Amino acid sequence: MINELDMPTVLFLQKTSYIAGALTLGYLRLTSTESRGVGLLAASFVVLAVASTSAGHAETHPAFYGPLSLMSIVLAVLGYSLLGLAFVLISDPARKIKIGLALLPAALTLAAGVVTAFHLNNTYRASAFNFLACLTMAATALVVFMDAHREPLPIRKLVAAILAAYSLLSLTMALEFSLNSFALLDVASGFFLMILSKFVLAIAIVIFISERQHIKIRHLAERDALTGLYNRRFFNENVSKQLRNGDAILYLDIDHFKQLNDRWGHAAGDEVLAKMAQAVQSMLPPTALFGRQGGEEFIIFLPSGAGDPLLLAERVRKALPEIRYLRLGPDVSVTASIGIARASNDRSSLPELCREADRGLYLAKAAGRNRVCDTDTDHIPENYLRLG
């Protein structure tokens with residue numbers, strides 16, 4: 001059926017695919033909060049639609065063949081440049097790119113056309129267009145794939161594969177135009193496959209953005225906004241499923257946090273919470289789970305075999321006063337008290353361990369703060385302490 005398509009039909013379908021893709025992406029741009037690059041991708045589809053229209057008019061209006069064919073190749077180059085930059089931005093919205101760079105290849109193509117008139121030769125024009133599409137799509141596929149280490153979205157590899165397949169298709173078309181031999185794909189079939197690729201890419205980008213939004217929503221549901229730590233709900237749901245003998249719960253509470261807020265302000269308090277959370281997280285083994293209970297109170301799950309809870313608690317306690325904060329005086333130290341409870345045959349549920357760890361925290365504070373209390377002994381060993 002593909003071989004029965006004539007070029008006017010193919011060009012019409014191509015324009016239709018570009019317009020449909022642009023409308024889909026434009027809607028996504030307006031309705032999505034994760035939309036950097038999507039508007040640029042929609043713009044690239046519009047530019048490619050105009051380029052396709054110019055190419056069609058060039059074939060049906062011989063008197064204007066020269067300017068229309070030059071316009072079509074310049075706009076096609078611009079469209080693919082915008083498309084490549086759009087995918088690079090969509091892949092990593094934090095990436096800094098100068099959109100004006102997309103104008104450079106188009107300007108060079110225009111200059112080459114004016115000087116050499118290569119656009120008047122269908123073979124040269126089609127070869128140049130498809131080679132450019134091949135290079136753009138290959139580079140874009142590589143960027144999208146390499147960004148997987150930063151954001152491993154399930155759809156990412158599929159998008160990279162579609163871009164790579166499009167690159168291979170463009171290379172095949174470029175070589176066939178250059179050799180003037182269409183043994184693998186005739187012109188209509190090649191363009192038809194490109195049209196299908198554009199539709200698939202537009203759908204894949206919608207899925208790509210949806211996956212990113214879903215992960216962001218899940219992150220917001222699981223994490224504390226200020227510290228980035230797991231919130232109480234996530235911590236309780238996950239730890240409850242894996243408690244066994246020897247596991248430990250540590251409660252950590254910042255000493256005199258209310259007075260700190262009253263004296264230095266809530267912005268300073270937020271800085272203390274965020275920096276302290278980051279510092280503690282860096283000292284925990286990978287198997288530990290660290291969360292914010294609320295206010296100035298934090299909770300740590302330390303699985304059996306991940307280290308001695310008392311030694312870890314003391315290491316954390318001693319390190320915290322060394323942290324310095326921009327919003328506090330240079331000589332201000334912030335300390336914390338820690339309570340420890342271990343799971344056993346008599347005490348195996350998370351609520352029981354939390355109550356015991358909270359009791360240990362109370363004892364540590366009652367003993368003068370900046371202390372660790374292990375509830376297995378209800379004793380605060382002096383050789384672990386520094387008077388606070």
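Taking the criterion of being touching a Leu at 6+ places or on another chain (Cβ under 8 Å) and free of Cβ contacts under 8 Å to residues at least 40 places away in the same chain, would at least one residue in the stretch 209-222 satisfy it? No, the stretch 209-222 contains no residue that is touching a Leu at 6+ places or on another chain (Cβ under 8 Å) and free of Cβ contacts under 8 Å to residues at least 40 places away in the same chain.
Residues of the stretch 149-173 that are in contact with a Cys (Cβ under 6 Å, 6 or more places away or on another chain) and open to solvent by less than 30 Å² (accessible area, probe 1.4 Å): SER167, SER170. From the list PHE199, PHE131, the lone residue that is part of a helix (DSSP H, G or I), open to solvent by 10 Å² or more (accessible area, probe 1.4 Å), of a type in the set (A, V, I, L, M, F, W, C) and within 18 Å of VAL77 (Cα to Cα) is PHE131.
Remark: pairs (first residue in the stretch 144-165, part of a loop (DSSP other than H, G, I, E, B); second residue open to solvent by 50 Å² or more (accessible area, probe 1.4 Å); Cβ separation under 6 Å; 6+ apart in sequence or on different chains) = ILE155/ILE207. Of all the residues in the stretch 330-370, those that are open to solvent by less than 60 Å² (accessible area, probe 1.4 Å) and either in contact with a strand residue (DSSP E or B) (Cβ under 6 Å, 6 or more places away or on another chain) or part of a helix (DSSP H, G or I) (or both) number 17. Residues that are charged (D, E, K, R) and under 37 Å from the mean Cα position of the chain (by Cα) within the stretch 324-348 comprise ARG324, ARG327, listed in sequence order.
Within the stretch 260-293, the set of residues being in contact (Cβ under 8 Å) with a residue 24 or more places away in the chain, closer than 25 Å to ASN236 by Cα and crowded, with 17+ Cβ neighbours inside 10 Å comprises VAL272, LEU273, LYS275, MET276, ALA277, VAL280, LEU284, LEU289, PHE290, GLY291, ARG292, GLN293. Take LEU184 and decide whether it is surrounded by fewer than 20 Cβ atoms within 10 Å (Cβ to Cβ), of a type in the set (A, V, I, L, M) and not in a loop (DSSP other than H, G, I, E, B). Against the criterion (surrounded by fewer than 20 Cβ atoms within 10 Å (Cβ to Cβ), of a type in the set (A, V, I, L, M) and not in a loop (DSSP other than H, G, I, E, B)), LEU184 does not qualify. Out of the residues in the stretch 26-44 that are within 16 Å of ILE99 (Cβ to Cβ) and either touching a residue at least 60 places away in the same chain (Cβ under 8 Å) or not assigned by the TED database to the domain that holds ILE209 (or both), which is surrounded by the fewest Cβ atoms within 10 Å (Cβ to Cβ)? Across the stretch 26-44, the extreme among qualifying residues is SER35. PHE257 - would you say it is outside the structural domain of ILE323 (by the TED database) and crowded, with 17+ Cβ neighbours inside 10 Å? No, not satisfied. Is it the case that ALA106 is crowded, with 16+ Cβ neighbours inside 10 Å, within 18 Å of VAL47 (Cα to Cα) and at pLDDT below 90? In short, no.
The values are calculated or read from the model by the stated rules, or taken from the named source; none is laboratory data. Since the structure is predicted, the reported quantities are computational estimates derived from the model, not experimental observations. Note: ideal-geometry Cβ built from the backbone for every residue, glycine included; neighbour counts use all protein chains shown. For accessibility, only protein heavy atoms count, side chains too; no ligands or nucleic acids. Shrake-Rupley method; radii C 1.70, N 1.55, O 1.52, S 1.80 Å.
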